[in-house]
Amino acid sequence: MESDQIVSAVLDYLDLIENGHGSEEANIAALEERLDRLALARHYIRPTFEEHPDPPTPDRARLAELAAERFPSFGLYNVPDHVTEQIGEAEIAVGDALDDVGDIARDLWDVRWRLENTSRNDALYEFVESYRMHWGRHLRHLQFYLQGRLDD
């Protein structure tokens, strides 16, 4: 995956959240595809750290509002709190699909800001690090949630 394709995956996810693709069904189909592209992209990024200013804080409330508009049927779900080798001993946590969508958007908003205001390398570094530290878990949980909805 080339860096242009990775940038496109980021921008396409944000476009879906900010502009939507019509019906909720169309939005969900687009979301599944974009999550897959983002998950794949992280395997192809090898940036180095650069010192740059941090982006301004995105409008978290607006991104959450947009997520709710795009995916009105999304709700809470069960998810293991952590992976353990002790089979049958995992704690169950409550996930929130709308929170997942919004948290991914907030972190990718920072990536887009860096693309526009610092450098591509800085943006890709932010992509990898924020995936590892935060939004990657939201992405994987959201994929699990979406897969579970297929069974319904």
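Every test in (1) touching a residue at least 60 places away in the same chain (Cβ under 8 Å); (2) farther than 15 Å from L139 by Cβ; (3) among the small types (G, A, S) is passed by G20 save one, and that test is (1). Scanning the stretch 113-123 for residues that are surrounded by fewer than 19 Cβ atoms within 10 Å (Cβ to Cβ) and either at positive phi or under 16 Å from the mean Cα position of the chain (by Cα) (or both) yields a count of 1. Counting the residues of the stretch 77-111 that are at pLDDT 95 or above and more than 19 Å from the chain's Cα centre (by Cα) gives 0.
Among residues that are closer than 26 Å to E129 by Cβ, out of contact with any Gly (no Cβ under 9 Å at 6 or more places or on another chain) and either among the aromatic types (F, W, Y) or not in a loop (DSSP other than H, G, I, E, B) (or both), L98 is not included. Among residues of the stretch 129-152 being more than 18 Å from R60 (Cα to Cα) and of a type in the set (A, V, I, L, M), the one that is surrounded by the fewest Cβ atoms within 10 Å (Cβ to Cβ) is L150. Among the residues of the stretch 11-25, just one is among the polar types (S, T, N, Q) and either within 10 Å of A67 (Cα to Cα) or part of a helix (DSSP H, G or I) (or both), namely N19.
Looking at the stretch 55-73, which of its residues are free of Cβ contacts under 8 Å to residues at least 40 places away in the same chain and surrounded by 10 or more Cβ atoms within 10 Å (Cβ to Cβ)? I'd like the intermediate steps shown before the answer.
Here is the first cut: in the stretch 55-73, the residues free of Cβ contacts under 8 Å to residues at least 40 places away in the same chain are 57, 59, 61-62, 64-65, 68.
Listed by number, the residues that qualify are D59, R62, A64, E65, A68.
Checked against the criterion of being in contact (Cβ under 8 Å) with a residue 40 or more places away in the chain, in contact with an Asp or Glu (Cβ under 8 Å, 6 or more places away or on another chain) and of a type outside the set (V, I, T), the candidates L108, L142, L115 yield just one match: L142.
Of these, E126, E50, which one is of a type in the set (D, E) and surrounded by fewer than 18 Cβ atoms within 10 Å (Cβ to Cβ)?
On the way: E126 fails: surrounded by fewer than 18 Cβ atoms within 10 Å (Cβ to Cβ).
After applying the criteria, what remains is E50.
Examine the stretch 130-149 for a residue that is over 16 Å from Y13 (Cα atoms), outside any loop (DSSP other than H, G, I, E, B), over 15 Å from the mean Cα position of the chain (by Cα) and of a type in the set (A, V, I, L, M), and state whether such a residue exists. For the stretch 130-149, residues over 16 Å from Y13 (Cα atoms), outside any loop (DSSP other than H, G, I, E, B), over 15 Å from the mean Cα position of the chain (by Cα) and of a type in the set (A, V, I, L, M): absent.
Filter the stretch 76-92 down to the residues that are exposed (fewer than 13 other Cβ atoms within 10 Å of the Cβ), part of a loop (DSSP other than H, G, I, E, B) and not hydroxyl-bearing (S, T, Y) and list them by number. Outline the logic, then answer.
Here is the first cut: in the stretch 76-92, the residues exposed (fewer than 13 other Cβ atoms within 10 Å of the Cβ) are 76, 78, 81-89, 91-92.
Checking the rest, the ones that are also part of a loop (DSSP other than H, G, I, E, B) come to 81-89, 91.
Selection gives D81, H82, V83, E85, Q86, I87, G88, E89, E91.
Among the residues of the stretch 1-43, those that are surrounded by 13 or more Cβ atoms within 10 Å (Cβ to Cβ) and at pLDDT below 90 comprise M1, S3, H21, R42.
The values are calculated or read from the model by the stated rules, or taken from the named source; none is laboratory data. Computed from a predicted model, the values in this text were never measured in an experiment. For neighbour counting, all protein chains shown are included, and Cβ atoms are generated from backbone atoms with ideal geometry for every residue, glycine included.
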